[in-house]
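Everything below concerns the one structure shown next.
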Amino acid sequence: MFGQLLKWIACDGGPHLILPREVLCDWQACDASCFARLPPYDGPTDYARACTIALEREVGIICVGGMSGLVVGGEVPMSTWIARDDRCGGDLVVALEWGRDAADDDILASLAELQDESLRQEDLHISVGQGGLVHFAACDRPPRWVYSHHEAPIRPGTYQIASEVCSADPVDFRVHRLSLVMD
């Protein structure tokens, strides 16, 4: 069972994302029109745009309120943010399946062994302001949260995204690493 060490985000479906705190109030979550459409979700909300991105790739950029957030697509049963101690980046971890025994400390140990050179560069960048990031389910409506959300303190700057599939036996997970490239 996934442990209590990491704060996992889970919802009834849809992509997860991290968004700069400064534009959290601009996020247009799911509305009734989202459910009336079939993919691609070309509706008027940010959630509809995030769903379209999630159908096309495992990780992508979404513009909200003049800043960029990171959409995590593909199968996303649950995800967690793990900050670096120096706040110069972190890992957005996506468990690739439900219900398998895995300990949070096994996932952390696997990430500690993961070298930056072994990750696939995504050619994606996001800029983070003074407020850091917020990690949440894209269908949610901040500040009236339905699901868990997680504050992701991170230094202001521009971050490069790199990805890899890893394993913490018996669970596989996808990691999207944010690394500071410019203050």
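GNM on the chain, alpha-carbon springs under 10 angstrom: the most fluctuating residue among Glu117, Glu22, Glu75 is Glu117.
May I ask you to sort Trp81, Trp8, Trp145, Trp27 by Cβ crowding, counting other Cβ atoms within 10 Å and putting the fewest first?
Trp145, Trp8, Trp27, Trp81
A simple count of charges around Arg177, restricted to other residues whose Cβ falls under 11 Å of its Cβ and scoring Lys, Arg +1 and Asp, Glu -1, yields -1.
For the chain, the spread of Cα positions along the three principal axes, ordered from largest to smallest, is 43, 40, 28 Å. What you get for the chain, charging only the Cβ of Lys and Arg (+1) and of Asp and Glu (-1), is a dipole of about 640 debye around the Cα centre.
For the chain, what does the helix formula give at 222 nm: sum of -39500 (n - 2.57) over DSSP H segments with n ≥ 4, over the residue count, nearest 500 deg cm²/dmol? Walk me through the intermediate numbers first.
Working: 3 runs with 25 residues, N = 183.
Dividing the helical sum by the residues of the chain leaves -3500 deg cm²/dmol.
Given R0 = 35 Å, the distance between the Cβ atoms of Cys25 and Glu75 translates into a calculated FRET efficiency of 0.75. Remark: the stretch 46-62, residue by residue, has Karplus-estimated 3J(HN,Hα) of 4, 4, 4, 5, 5, 5, 5, 4, 5, 6, 8, 7, 6, 8, x, 9, 10 Hz, where x stands for each Gly or Pro and the curve is 6.51 cos²θ - 1.76 cosθ + 1.60 at θ = phi - 60°.
When the Gaussian network model of the chain links Cα atoms closer than 10 Å, the mean-square fluctuations of Gly65, Gly157, Gly74 top out at Gly65. You can think of it this way: the chain between Arg84 and Asp116 has 10.2 nm of extra reach, that is 0.36 nm per residue less the Cα-Cα gap. In plain terms, the chain from Gln130 to Asp12 could stretch by 39.4 nm, reckoned as 0.36 nm per residue minus the Cα-Cα distance. Rounded, prolate or oblate: which fits the stretch 104-152 when a ≥ b ≥ c are the square roots of the eigenvalues of the alpha-carbon gyration tensor, with rounded for a/c under 1.5 and prolate only if a/b beats b/c? In terms of gyration-tensor shape, oblate.
No lab work stands behind these numbers, since they all come straight from the coordinates. Values in this document were obtained by computation on a predicted structure and should not be read as measured data. In this analysis, Cβ positions are derived from the backbone assuming ideal geometry, glycine residues included, and neighbour counts consider all displayed protein chains.
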